[in-house]
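**Q** A single structure is presented below for examination.
The values are calculated or read from the model by the stated rules, or taken from the named source; none is laboratory data. These numbers come from a predicted model, not from an experiment. Cβ placement follows ideal geometry from the backbone for every residue including glycine, while neighbour counts extend to all protein chains displayed. Side chains are part of the model used for accessible areas, which takes the heavy atoms of the whole protein and leaves out ligands, DNA and RNA. Shrake-Rupley method; radii C 1.70, N 1.55, O 1.52, S 1.80 Å.
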Amino acid sequence: MSQGMETGRVARAAGRLWLILVSLFLLAPTAVLLGTAVTTTGYLAFPPEGFTLRWFALVLSDPAWVDSIVASTNIALIATVVAAALAVPATLALTSPRMPGRDTVEALLTLPMLVPQIVLGVGLLQLLLVLGVGRTYPGFVLAHAILALPFVLRSVLTSLRGAPRSLELAAADLGAGPWRRFVHVTLPLMRTGLGAGCLLGFAASYVNVEVSMFLSTPALNPLPVKLLNQVAYTVDPGVSAVSTLTVVLAFAAMLIVDRAAGLKAAGAPS
């Protein structure tokens, strides 16, 4: 008995140690990134030599960097909203037992997640040119909405499929119409998945390089393309500063979504 308890304690301690090591490994690139962003040298150095925030000041005072950050943020936000607006009714249709070919439709809607991004970028550029919106702001948003849609759709589908359907049936028995059932029953059930999916969709849009580089123009140059062009010629602490700001933005977005929609498992105690 005591030997079994001792073995259990050793196993738990080993599990905690492994968790700490994995966490440190995952956080190490971010720590290096932050260190190289605050170094006083004009080149990347880690550990940093001194401490300065001038690289952040240089980036935030450069209109080209600011325009790229704003463009990427706006495109990702609008694309995520469009993707969510498409994913919610698509989820309702895909979870309906009366819809024929549900598996085929679901596979087609999640295809942009599986297709190589270079191939997808070429295809989207040709499609948008045919539609007359190639390399325009609406075309950029449409392309990134297609990128974000699979992430939102899969997350919402998982959330709704794991929810008890008896709640909707009970609401219908009590006289609630389709709209009231959706607002008061279905939407709260998919809220967690919708929040997590929007966060993933925003991130997929914000950091995308492969599709964005086919659609970018001198007047519309998103941050990933700007970074790619920058590191092709030089790598200085300014690049690390921009990357650090991106990490901060992603963390802030996660907190906002967590507060607004909740990323805890549905039904979990607060």
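**Q** If you add up the charges near Trp65, with Lys and Arg at +1 and Asp and Glu at -1, over every other residue whose beta carbon is less than 13 angstrom from its beta carbon, what do you get?
**A** In short, -2.
**Q** Can you run phi through the Karplus equation (6.51, -1.76, 1.60; θ = phi - 60°) for region 219-234 and list ³J(HN,Hα) in whole Hz, with x for Gly and Pro?
**A** So the Karplus estimates, Gly and Pro as x, are 8, 10, 10, x, 4, x, 5, 4, 5, 4, 5, 5, 6, 5, 10, 7 Hz.
**Q** What label, among (i) 1.33; (ii) 1.13; (iii) 1.24, belongs to Cα Rg over 2.2 N^0.38 Å computed from the structure on display?
**A** (iii)
**Q** I need the phi-derived Karplus couplings for region 150-156: 6.51 cos²θ - 1.76 cosθ + 1.60, θ = phi - 60°, integer Hz, Gly and Pro marked x.
**A** So the Karplus estimates, Gly and Pro as x, are x, 5, 5, 4, 4, 5, 5 Hz.
**Q** Moving on to the next point. I'd like to compare 202-210, 46-54: which one has the highest average count of other Cβ atoms within 10 Å, and what's the full order after that?
**A** Order by mean packing, descending: 202-210, 46-54.
**Q** Using a 1.4 Å probe over the heavy atoms of the protein chains, calculate the carbon and sulfur portion of the accessible area of the chain as a whole percent.
**A** The value for the chain is 71 percent carbon and sulfur by accessible area.
**Q** Leaving out ligands and nucleic acids, note down the accessible area per residue over the chain with a 1.4 angstrom probe, in whole Å².
**A** On a per-residue basis, the chain sits at 57 Å².
**Q** Please report the relative contact order for the chain, taking Cα pairs under 8 Å with a sequence separation of at least 6, and give it as a percent rounded to a whole number.
**A** 27
**Q** State to the nearest 20 debye the size of the charge dipole of the chain about its Cα centre, where the only charges are +1 on K and R beta carbons and -1 on D and E beta carbons.
**A** Roughly 740 debye, rounded to the nearest 20.
**Q** Using +1 at the Cβ of each Lys and Arg and -1 at the Cβ of each Asp and Glu in region 1-73, identify which of Ala37, Phe25, Thr73 lies farthest towards the dipole's positive end.
**A** Phe25
**Q** Would you mind calculating the gained length between Leu53 and Phe251 on full extension (0.36 nm times residue separation, minus the Cα-Cα distance), in nm to one decimal?
**A** Stretched out fully, the Leu53 to Phe251 stretch lengthens by 69.3 nm.
**Q** Oh, and also: Based solely on its DSSP helices, what 222 nm [θ] is calculated for the chain when runs of n ≥ 4 H residues each add -39,500 (n - 2.57) and the sum is averaged over all residues, nearest 500 deg cm²/dmol?
**A** Result for the chain: -24000 deg cm²/dmol, rounded to the nearest 500.
**Q** So, one more: For the chain, with the dipole built from +1 on Lys and Arg beta-carbon atoms and -1 on Asp and Glu ones, taken about the Cα centre, which of Phe182, Gly121, Gly195 lies farthest toward the positive end?
**A** Result: Phe182.
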